[in-house]
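Let me begin by presenting the structure, written as structure tokens, before commenting on it.
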Amino acid sequence: MRTRFAALPGNLRGAILMSLGGVLFAIEALFIRWMSDRGIPVTTQLFARSIGQLIWVLPLILAGGLAVFRTTRPGMHLLRGGCSAATWGFYFLSFAFLDLTTATVLSFTNVMFTTLLAKPVLGERVDAARWAGTVLGFIGIAVMLRPGTDIPLLGALVALAAALSWCGITLTSRSLSRTESTQTVLAWVGIITSACVAPFAIAFWAPIGMVDVLILAVFGLVTPGIIWLVTEALRAGEASAVAPFQYLRLVVIAAFGWVLFGEVPDGWTWLGALVILSGAVIITISEARRR
């Protein structure tokens, strides 16, 4: 089976892997909603996610020893780890306020924030296509959050905060990639994220049952596979060809939100979602081609 898969054209392999990453991203969102409905605190969910990510990077740390942490830019690593902890915190919390589809769509706006900050922070040239996608994205937000909408403003702000801090992950990762190895970046982020989340998990700890412990274990160990799938997808195919497939997770999440939770966004929300998704795809393709 592996040989047959390896024999496929690179872009096709990349598209399959990126699609699987999108599906796993959707499964993560479903897990978050399920665990929240079971009364598992968001901080406990975050701690399980961060420990799972740390387990995934543990082989890198063991193989490289303490040398893997050697860096001349500890401040940037701390910022990268802090952005990661903030992103997941706001992202997980957004599902407590919003339906699955709305929270997911608003998370796509991270690429718009990245475009806005790419030039002043990194000195990157932003082309017309990326600006057009950014404008589309913010028009979509305005459509979704129009006066009279049923979408809670607090929930929308939390989701947008997740997108903004996600932009921080992207920008700090780009900066670190110029001087640091992937192993060093992953090792630092695994340690820092866990250290950031642990105090909140302790402060807001609530007793949970054995079934909940098993759910958290599966959640923590499986969902970091998103990073592996996306990385391998981009390794297999051209970024401009495979990157847009990550947005398939919206279809999966919308379907399961309807079937499992009876969530059906109204027409205006879908219109705003379509506009945001269009802008995100334009930026993603333009960014991939530029690189």
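The values are calculated or read from the model by the stated rules, or taken from the named source; none is laboratory data. All of these numbers come straight from a predicted model, not from anything done at the bench. Note that each Cβ is placed from the backbone with ideal geometry, even for glycine, and that neighbours are counted across all protein chains shown. Side chains included, ligands, DNA and RNA excluded: accessible areas come from the protein's heavy atoms. Shrake-Rupley method; radii C 1.70, N 1.55, O 1.52, S 1.80 Å.
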Discussion item. Using Cα-Cα distances under 8 Å and only pairs 6 or more residues apart, what relative contact order does the chain have, in percent?
Written reply: 42 percent
Worksheet, complete the sentence: Heavy-atom accessible area per residue of the stretch 60-119, all protein chains kept, 1.4 Å probe, expressed in Å², is 39 Å²
Worksheet item: What are the chymotrypsin sites (Phe, Trp or Tyr not before Pro) within the stretch 153-240 that DSSP puts in a loop, where the Cβ has at most 14 other Cβ atoms within 10 Å?
Response: F204, W205
Worksheet item: In nanometres, what is the gap between the two model label sites at V211 and T72, each 7 Å from Cα along Cα-to-Cβ?
Response: 5.6 nm
Worksheet entry | Å² per residue, accessible surface of the stretch 204-291 at 1.4 Å | 53 Å²
Item to complete: Find the relative contact order for the stretch 66-223 and round it to a whole percent, using C-alpha pairs within less than 8 Å whose residues are 6+ positions apart.
Response: 42 percent
Worksheet, complete the sentence: The rounded separation in angstrom of the Cα centers of the stretch 129-186 and the stretch 222-291 is 13 Å
Worksheet item: Taking the chain as a Gaussian network, where each spring joins two C-alpha atoms under 10 Å apart, which residue of L153, L216, L250 fluctuates the most?
Response: L153
Discussion item. With θ taken as phi - 60° and the coefficients 6.51, -1.76 and 1.60, list the Karplus ³J(HN,Hα) couplings across the stretch 209-217 in order, rounded to whole Hz; mark glycine and proline as x.
Written reply: x, 5, 4, 5, 4, 5, 4, 4, 5
Item to complete: Write down the accessible area per residue of the stretch 1-47 in Å², having rolled a 1.4 Å probe over the full set of protein chains.
Response: 50 Å²
Practice prompt. Express the carbon and sulfur contribution to the solvent-accessible surface of the chain as a percent, rounded to the nearest whole number, probe 1.4 angstrom.
Written response: 72 percent
Worksheet entry | Most mobile of I208, I32, I55 in a GNM of the chain (Cα contacts under 10 Å) | I208
Practice prompt. Just need the relative contact order of the stretch 186-291 here, percent rounded to a whole number, with Cα pairs under 8 Å and 6+ apart.
Written response: 31 percent
Worksheet item: Considering the chain as a Gaussian network with a 10 Å cut-off on Cα pairs, which listed residue, L93, L62, L176, attains the greatest mean-square fluctuation?
Response: L62
Discussion item. On a 1.4 Å probe surface of the protein chains, which of V57, V218 comes out largest in accessible area, and what is the full order?
Written reply: V218, V57
Practice prompt. Take the Cα pairs of the stretch 156-291, get the Kirkwood Rh, then feed it into Stokes-Einstein at 25 °C and 0.890 mPa s and tell me D in µm²/s.
Written response: 134 µm²/s
Response to the item:
With Rg from the Cα atoms and Rh as the Kirkwood inverse mean 1/r over Cα pairs, the stretch 85-200 has an Rg/Rh of 1.02
Worksheet entry | Listed values (i) 0.98; (ii) 1.06; (iii) 0.95, entry calculated as Rg/Rh (Cα atoms, Kirkwood Rh) | (iii)
Worksheet item: Roughly how much of E232 is accessible, in Å² to the nearest 10, using a 1.4 Å probe?
Response: 50 Å²
